[in-house]
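Chemist: This is the structure, below, for whatever I ask next.
Every number in this text was worked out from the coordinates using simple rules, so none of it is lab data. Only a predicted model underlies this, so the values are computations on that prediction, with no experimental measurement involved. Cβ: placed from backbone, ideal geometry, glycine included. Neighbour counts: every protein chain shown.
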Amino acid sequence: MPSELSTDLRDPAQDDRTTRFARSLLAQAGLGLEGEAPWDMLLHDADVPRRALAQGNLGLGEAYMDGAWDCEQLDEFFSRLLRAQVPDQVSPTALIWHALQARLLNRQTRQRAWTVGERHYDLGNDFYAAMLDPRMAYTCAYWKDADNLAQAQTAKLDLICRKLGLQPGMRVLDIGCGWGSFMGYAAEHYGVECVGVTISREQCEWAQKRYKGLPLEFRLQDYRELDERFDRIVSIGMFEHVGRKNHRTFMEVAARCLDDEGLLLLHTIGKNRRRDVPDRWIDKYIFPNGDLPSIGQIGDAADGLLVVEDLHNFGADYDRTLMAWYANFEAHWQYFASELGERFRRMWRYYLLSCAGAFRARDIQLWQWVLSRGGVVGGYQRVS
């Protein structure tokens, strides 16, 4: 990692102006470039401001991965940056084509849908086991009455079961079942049978072995192929991969697979503004082809198909969840360092802490929707 500011600059005069402009933007969020406060940037390369202003978070994130800058509290840096809406004042021309692609193209076709499974979820079960809780739940935990990650994840799973009103003998579909945390919990504690679909081979094989003997079926399958009836449907942390061009298709699948008296629980990260497009750094390095929905987009997708019975936002809990994952990641990094390397460590640190900061700033949300086929007679009773 360079220890001094780079002197190999394309245009020193322009870089000076760029740095001054970057400094003025950061000052609006109470941030600096010299690392004086733990949430300040500390530059090791004078080219960082130019990269960030030219390419937005993609340039800033890649510069961090390159070791061109550091920050003692990266999560708080992003929380302050987003709370002050500093990124809204930067509109790199490089984002225009990315925005057009997100709005005009279907980036989550049946062929492309498998990419995120191969590149992210198939990273290695041992790696995720070291970072997650014992049940391998890779979605926001529910910290209302919990003291640690395992308790919070169990509380989340139980909350979902209670919201769905699960009863012994019910048949439940899990769209995007991950490592089977919900299915295993629901079968063990509520006596249901479950079918889960995932686009991750690693997840599917792991879950089949972990829950052998329970009435659970794990399938390596695209959700669009489903066409059978279930008493309840759940989708936890998968809708972020569906894409705006397929939101309606997802709801059509849910409607045709849901029993007339059934309920669907949709647990998803969401964005505050419909017009926002996927983050280029997250898209390139973490979740390829991901696309966070807005409340309006989800409403449009369900229009005329399903009735929204309940909407619960506990996005602030994702901050604490991500920080717990980060603590586990750092505590176990020694076991993966030689295989994955320092650049991966900085990439993963940037991913976990920048997302924690975004949830802390309330820039993104976590919603649990409960939907029905034709409306619950007498009204749905909120569970918390």
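Chemist: Rounding to the nearest 10 and keeping the result within 0 to 90°, find how far the Cα-based axis of helix 12-27 lies from the longest principal axis of the chain.
Modeler: 50
Chemist: Compute the distance in nm between two label points, each set 7 Å from the Cα along the Cα-to-Cβ direction, one at residue 284 and one at residue 344.
Modeler: 2.0
Chemist: Additional query: For the pairs 144/245; 156/209; 209/245; 144/284, note any where the Cα-Cα span goes beyond 32 Å. Could you put the intermediate results ahead of the total?
Modeler: Numbers: 144/245 35 Å; 156/209 23 Å; 209/245 35 Å; 144/284 34 Å.
In this structure, 144/245; 209/245; 144/284 exceed 32 Å between Cα atoms.
Chemist: Just flag the trypsin sites (Lys or Arg not before Pro) in the stretch 117-188 sitting in loop per DSSP whose Cβ has no more than 15 other Cβ atoms within 10 Å.
Modeler: On the way: sites: 119, 135, 144, 156, 162, 163, 171; in loops: 135, 144.
Here the sparse-neighbourhood loop sites are 144.
Chemist: Need the list of aspartates and glutamates near residue 163 for cross-linking: C-alpha distance under 16 angstrom, and skip anything on the same chain fewer than eight residues off.
Modeler: 174, 231, 261, 309, 310
Chemist: Distances longer than 36 Å among the Cα atoms of the chain: what percent of all pairs is that?
Modeler: Numbers: 18371 of 73536 pairs.
Of the Cα pairs, 25 percent sit more than 36 Å apart.
Chemist: Which parts of the stretch 177-191 would a label at residue 209 reach, counting a residue when its backbone N lies under 18 Å from a point 7 Å out along Cα-to-Cβ?
Modeler: Backbone N within reach: 178-181, 184.
Chemist: Could you state the angle between the C-alpha long axis of helix 337-360 and the longest principal axis of the C-alpha atoms of the chain, as a value from 0 to 90 degrees rounded to the nearest 10?
Modeler: Tilt of helix 337-360: around 80 degrees.
Chemist: Rounded to two decimals, what is the ratio between the C-alpha radius of gyration of the stretch 12-92 and 2.2 N^0.38 Å? Don't skip to the answer; put the middle values down first.
Modeler: Numbers: Rg = 11.4 Å, N = 81, 2.2 N^0.38 = 11.7 Å.
After normalising by residue count via 2.2 N^0.38 Å, the value is 0.97.
Chemist: Once you put a point 7 Å from the Cα of residue 335 and another 7 Å from the Cα of residue 307, both along the Cβ direction, what distance in nm separates them?
Modeler: Result for the modelled spin labels: 4.9 nm.
Chemist: Once label points are set 7 Å from the Cα along Cα→Cβ at both residue 70 and residue 248, what is their separation, rounded to one decimal in nm?
Modeler: Placing both labels 7 Å along Cα→Cβ, they lie 5.2 nm apart.
Chemist: Under 12 Å Cα-Cα from residue 271, which aspartates and glutamates qualify once same-chain neighbours fewer than 8 residues away are excluded?
Modeler: 240, 279, 291, 363
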